[in-house]
1. So which strands (runs of 3 or more DSSP E) stay within region 58-139 end to end and still have 1 or more residues that are open to solvent by 40 Å² or more (accessible area, probe 1.4 Å) and within 30 Å of residue 15 (Cβ to Cβ)?
2. For the structure I just gave you, tell me whether residue 12 is open to solvent by 60 Å² or more (accessible area, probe 1.4 Å) and farther than 21 Å from residue 167 by Cβ.
3. List every residue pair whose Cβ atoms lie under 6 Å apart, where the two residues are 6 or more positions apart in sequence or sit on different chains, the first residue falls within region 24-47 and is part of a helix (DSSP H, G or I), and the second residue, located anywhere, is among the small types (Gly, Ala, Ser).
4. Which members of region 85-104 meet the condition of being over 29 Å from residue 17 (Cβ atoms) and more than 17 Å from the chain's Cα centre (by Cα)?
5. Restricting to region 140-163, name every residue that is buried (at least 16 other Cβ atoms within 10 Å of the Cβ), under 25 Å from residue 76 (Cβ atoms) and either without any contact (Cβ under 8 Å) to a residue 12 or more places away in the chain or small (Gly, Ala, Ser) (or both).
6. Working only within region 1-20, note down all residues that are of a type outside the set (Lys, Arg) and under 14 Å from residue 56 (Cβ atoms).
7. Could you list all residues from region 140-171 that are among the polar types (S, T, N, Q) and not in a loop (DSSP other than H, G, I, E, B)?
8. Please find, within region 2-38, the residue that is farthest from residue 120 (Cα to Cα) out of those that are touching a Phe, Trp or Tyr at 6+ places or on another chain (Cβ under 8 Å) and aliphatic (A, V, I, L, M).
Amino acid sequence: MSTESKTAWRARFRRGRAALTDAQRAEAAAALTSVLAALDLGETVAAYVPVGSEPGFVLDRRVLLPVTPPEPGPLDWAWSGSLVPGPFGLLEPAGPRLGADAVASAATVLLPALGCSREGVRLGRGAGYYDRSLRPGPRLIAVVYDDELVDSLPSEPTDVPVHAALTPSGLVDFAS
């Protein structure tokens, strides 16, 4: 396990992202899109709309997107389509809300992450919305830049482990 705190890791990953140029982010997005196109993600996919320096990608299909609730708790979900501003500077789907359990219908969930360990620990922004939302069943894949996949990260009992990490260099599956 990492001896650095989650706060220190988040700061490290944010510094790395801040140093990326627009061209580097675009190159990473193209690579992520290419890797995703070659994967069998299943019929229903849950994903996210990247903001700021988050790794982006394009999926040529309708996907479930998260909707942040007014109070901390599980995410709501809606089908992709028109996007509207949500809390924390996020973009959210404008369509009908499907409820927190809708994510369980996904075969794959592509998760935003600041970092991910090869042990399956996903480091998010720290509010716990995704950890409160994930249900058993879907394949959980953290999406990170290549240098954000590390050997070890600190974890807590409430952290939901992921099955794989998607980087611009490819998909890295973790042993169960």
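The values are calculated or read from the model by the stated rules, or taken from the named source; none is laboratory data. Note that the structure is predicted; figures quoted are calculated from it, not measured. All Cβ positions, even for glycine, are placed from backbone atoms using ideal geometry, and neighbour counts span all protein chains on display. Heavy atoms of the whole protein, side chains included, go into the accessibility calculation; ligands, DNA and RNA do not. Shrake-Rupley method; radii C 1.70, N 1.55, O 1.52, S 1.80 Å.
1. Numbers: elements: 64-67, 76-79, 83-85, 91-93, 108-112, 115-117.
By residue number, 83-85, 91-93.
2. No; evaluated as a whole, the condition is false for this residue.
3. 29/56; 35/170
4. 95, 96, 97, 98, 99, 101
5. Result: 142, single match.
6. Here is the first cut: in region 1-20, the ones of a type outside the set (Lys, Arg) are 1-5, 7-9, 11, 13, 16, 18-20.
Residue satisfying the conditions is 20 alone.
7. The one that is among the polar types (S, T, N, Q) and not in a loop (DSSP other than H, G, I, E, B): 167.
8. Step one: of region 2-38, the residues touching a Phe, Trp or Tyr at 6+ places or on another chain (Cβ under 8 Å) are 2, 16-17, 20, 28-29, 32-33, 36.
Remaining after also requiring aliphatic (A, V, I, L, M): 20, 28-29, 32, 36.
On the way: 20: 25, 28: 21, 29: 22, 32: 19, 36: 19 Å.
Top of the filtered list is 20.
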